[in-house]
1. Taking the conditions exactly as written (open to solvent by 30 Å² or more (accessible area, probe 1.4 Å) and touching a helix residue (DSSP H, G or I) at 6+ places or on another chain (Cβ under 6 Å)), does S58 satisfy them or not?
2. Please go through the stretch 69-98 and pick out each residue that is in contact (Cβ under 8 Å) with a residue 60 or more places away in the chain, more than 12 Å from A24 (Cβ to Cβ), surrounded by fewer than 18 Cβ atoms within 10 Å (Cβ to Cβ) and not basic (K, R).
3. Please count how many residues of the stretch 22-37 are open to solvent by less than 30 Å² (accessible area, probe 1.4 Å) and among the small types (G, A, S).
4. Of the conditions (1) in contact with a strand residue (DSSP E or B) (Cβ under 6 Å, 6 or more places away or on another chain); (2) on the phi < 0 side of the Ramachandran plot; (3) at pLDDT 95 or above, K43 fails just one. Which one is it?
5. From the list K64, K43, pick out the single residue that is in a loop (DSSP other than H, G, I, E, B), under 20 Å from G15 (Cβ atoms) and open to solvent by 80 Å² or more (accessible area, probe 1.4 Å).
6. Scanning for something touching a Lys or Arg at 6+ places or on another chain (Cβ under 9 Å) and over 20 Å from F4 (Cα atoms), does the stretch 94-114 turn up at least one residue?
7. So, in the stretch 99-115, of the ones that are buried (at least 17 other Cβ atoms within 10 Å of the Cβ) and at pLDDT 95 or above, which residue ends up nearest to I30 (Cα to Cα)?
8. Here are some conditions: (1) without any contact (Cβ under 8 Å) to a residue 40 or more places away in the chain; (2) surrounded by 13 or more Cβ atoms within 10 Å (Cβ to Cβ). R53 meets all but one. Which one does it not meet?
Amino acid sequence: QVQFVESGGGLVQAGGSLRLSCVASGSTLIRDAIGWYRQAPGKQRERVAVIGRSGSTSYADSVKGRFTISRDNAKNTVYLQMNSLKPEDTAVYYCNTAVPQYDYWGQGTQVTVSS
């Protein structure tokens with residue numbers, strides 16, 4: 001069974017940086033179009049970044065210019081570099097295919113940004 005596994009979250013002050021990592025256990029699915037998503041308390045899950053098979057990227061307006069999505073096919077890993085973090089970036093971050101599949105959701109990684 002394929003499942004995405006996220007890591008790299010933590011507690012950081014506003015203005016700080018974190019890099020999240022995403023791997024797909026038991027699959028090379030990570031080489032498909034992959035998105036990073038987040039869910040803040042009381043809010044719906046939203047997609048913040050996506051990277052296509054060719055490496056093309058797109059971002060939600062709320063993170064554009066601050067977050068960078070990338071992939072390392074040799075390591076079967078997709079990253080989310082997050083800079084200039086804001087308290088409103090606080091959420092659980094997940095990765096999944098660009099069209100998310102219910103069975104692929106992992107546990108996510110908590111990102112908390114203090115003011």
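The values are calculated or read from the model by the stated rules, or taken from the named source; none is laboratory data. Note that the coordinates shown come from a computational prediction; the quantities given were computed from them, not determined experimentally. Here the Cβ positions follow ideal geometry from the backbone for every residue, glycine too, while neighbour counts run over all protein chains shown. With ligands, DNA and RNA removed, areas are computed over all heavy atoms of the protein, side chains included. Shrake-Rupley method; radii C 1.70, N 1.55, O 1.52, S 1.80 Å.
1. Judged against the criteria, S58 is not a match.
2. Q81, N83, S84, P87, A98
3. Result for the stretch 22-37: 2.
4. All conditions are met except number (1).
5. K64
6. Yes, the stretch 94-114 contains a residue that is touching a Lys or Arg at 6+ places or on another chain (Cβ under 9 Å) and over 20 Å from F4 (Cα atoms).
7. Top of the filtered list is G108.
8. Only one criterion is unmet by R53, namely (2).
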